[in-house]
Amino acid sequence: MSTQNNAVRTDLQSLKTEGRNQNTLHIDKMSTIDMVTLMNNENRVVEDAIATQLPEIAKAIDIIAERLNAGGHLIYIGAGTSGRLGVVDASECPPTFGVDYDLVRGIIAGGEGAMFRAVEGAEDDEARGAEELEADGVTAGDVVVGLSASGGAPYVLGALKKAKALGAIPLGITCNPDSRMHTVCDVTMAPYVGPEVITGSSRLKAGTAQKLILNMLSTGAMIKTGRVVGNLMINVRPTNIKLRDRCVRILMELGGCDRATAEMLIDKYGDIRKSLDALGQLG
């Protein structure tokens, strides 16, 4: 077991994610409509910030797709809001794309309980990040994406260093363009969204930016590994009423059959591809 790394971080004051937003100095005195208008205006910078990182995001998607095609896995690891976002994206891949639950995985500092209750000191333990990544079973065929708004969370850096040592490819998502993460990762995606509306509250613009990038990474990788046809979820499973109806409609669209036939095949096979095979459309 590790002992927590209590070394004092000397970079905190200079972090751009900790800057004070001059536009919101008096937000506590504003009317509610002015407050939300200002917050909405601040959120507009996120899209432009991400646009500057599209080449890096595309590189990351190609790396992930190549590794997945070769039998590897995608692992997200982070602390706090960043860690929660990674776990959410990973957990949504099986129902969306029909993949196994271990193909895309999320690890959060502080363990599963940290999804629901903040474990504030967990991000400071670099050794723990390395240990928990290795314990997850990461191998040389995998891709590890570290998530840290500041780009300097020791837990995440420890995990990324361990990923590299294990032969996995370390990638990073941060909102600090000059982060420590850049020196560790093969590709770093670093949209600069500026100081937060509430100083240092990186669950706001930084969190939104990270979520949008995660959407691109998982969706792009699944498209490039053949789990989407056109813009349809070819591997979605009929595990509830809504998803069964979606499977039926996709089968009708791709197979050119009527609803009764589609329902019969989906109920029989529980799989769009197998149902298409039965219609003579694939194979």
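The values are calculated or read from the model by the stated rules, or taken from the named source; none is laboratory data. Remember, it's a predicted structure, so these values are computed and weren't measured experimentally. Cβ: placed from backbone, ideal geometry, glycine included. Neighbour counts: every protein chain shown.
Between L214, L166, which is among the hydrophobic types (A, V, I, L, M, F, W, C) and touching a Phe, Trp or Tyr at 6+ places or on another chain (Cβ under 9 Å)? Working first, answer last.
On the way: L166 fails: touching a Phe, Trp or Tyr at 6+ places or on another chain (Cβ under 9 Å).
Every option except L214 fails the conditions.
Could you go through the stretch 153-165 and let me know if any residue there is touching a residue at least 40 places away in the same chain (Cβ under 8 Å), surrounded by fewer than 23 Cβ atoms within 10 Å (Cβ to Cβ) and among the small types (G, A, S).
no
For the stretch 61-89, enumerate the residues that are among the polar types (S, T, N, Q) and closer than 15 Å to L171 by Cβ. Spell out the reasoning first.
Pass one, the stretch 61-89, residues among the polar types (S, T, N, Q): 69, 81-82.
Across the stretch 61-89, the qualifying residue is only S82.
Suppose the filter is among the charged types (D, E, K, R), buried (at least 24 other Cβ atoms within 10 Å of the Cβ) and in contact (Cβ under 8 Å) with a residue 12 or more places away in the chain; does E123 pass it? Step through it out loud before you land on a result.
Values: among the charged types (D, E, K, R): yes; buried (at least 24 other Cβ atoms within 10 Å of the Cβ): yes; in contact (Cβ under 8 Å) with a residue 12 or more places away in the chain: yes.
The answer is yes for E123.
For the stretch 199-281, which fully contained helices (runs of 4 or more DSSP H) count at least 2 residues that are out of contact with any helix residue (DSSP H, G or I) (no Cβ under 6 Å at 6 or more places or on another chain), assigned by TED's automatic domain parsing to the domain that holds I173 and at pLDDT 95 or above?
On the way: elements: 205-224, 241-255, 259-269, 272-278.
Passing ranges, in order: 205-224.
I'm trying to understand the selection: among the residues of the stretch 59-71, which are touching a residue at least 40 places away in the same chain (Cβ under 8 Å) and assigned to a helix (DSSP H, G or I)?
K59, A60, I61, D62, I63, I64, A65, R67, L68, N69
Specify which of the listed residues (I173, I108) is more than 19 Å from G200 (Cβ to Cβ), touching a residue at least 12 places away in the same chain (Cβ under 8 Å) and of a type in the set (A, V, I, L, M, F, W, C).
Numbers: I173 fails: more than 19 Å from G200 (Cβ to Cβ).
Only one candidate passes the filter, namely I108.
Would you mind finding the one in F116, F97 that is farther than 24 Å from G200 by Cβ and among the aromatic types (F, W, Y)? Break it down stepwise before answering.
Working: F116 fails: farther than 24 Å from G200 by Cβ.
The conditions single out F97.
Give just the number: which of (1) surrounded by 11 or more Cβ atoms within 10 Å (Cβ to Cβ); (2) at pLDDT 95 or above; (3) closer than 30 Å to E134 by Cα does D34 not satisfy?
Only one criterion is unmet by D34, namely (3).
Considering only the stretch 132-152, how many residues are of a type in the set (A, V, I, L, M) and surrounded by fewer than 21 Cβ atoms within 10 Å (Cβ to Cβ)?
Here is the first cut: in the stretch 132-152, the residues of a type in the set (A, V, I, L, M) are 133, 135, 138, 140, 143-145, 147, 149.
Now restrict to residues that are surrounded by fewer than 21 Cβ atoms within 10 Å (Cβ to Cβ): 135, 140.
Adding up the residues that qualify gives 2.
Residues of the stretch 176-233 being over 19 Å from A58 (Cβ atoms) and of a type in the set (K, R), which ones? Show your work before the answer.
In the first step, residues of the stretch 176-233 are kept if they are over 19 Å from A58 (Cβ atoms); the result is 176, 178-180, 183-184, 193-208, 229-230, 232-233.
Result: R180, R203, K205.
Which condition number in (1) part of a loop (DSSP other than H, G, I, E, B); (2) over 30 Å from V45 (Cα atoms) is the one that P191 fails?
(2) is the only condition that P191 fails.
Only one residue in G86, G129 is closer than 21 Å to G200 by Cβ, surrounded by 24 or more Cβ atoms within 10 Å (Cβ to Cβ) and touching a strand residue (DSSP E or B) at 6+ places or on another chain (Cβ under 8 Å). Which one? Walk me through it before giving the result.
Working: G129 fails: closer than 21 Å to G200 by Cβ.
When all the criteria are applied, what remains is G86.
What's the number of the only condition in (1) under 19 Å from A168 (Cα atoms); (2) part of a helix (DSSP H, G or I) that I50 fails to meet?
(1)
Residue check: is H26 modelled with pLDDT under 95 and either over 24 Å from A209 (Cβ atoms) or of a type outside the set (G, A, S) (or both)? Before the answer, list the steps.
On the way: modelled with pLDDT under 95: yes; either over 24 Å from A209 (Cβ atoms) or of a type outside the set (G, A, S) (or both): yes.
Spelling it out, H26 is indeed modelled with pLDDT under 95 and either over 24 Å from A209 (Cβ atoms) or of a type outside the set (G, A, S) (or both).
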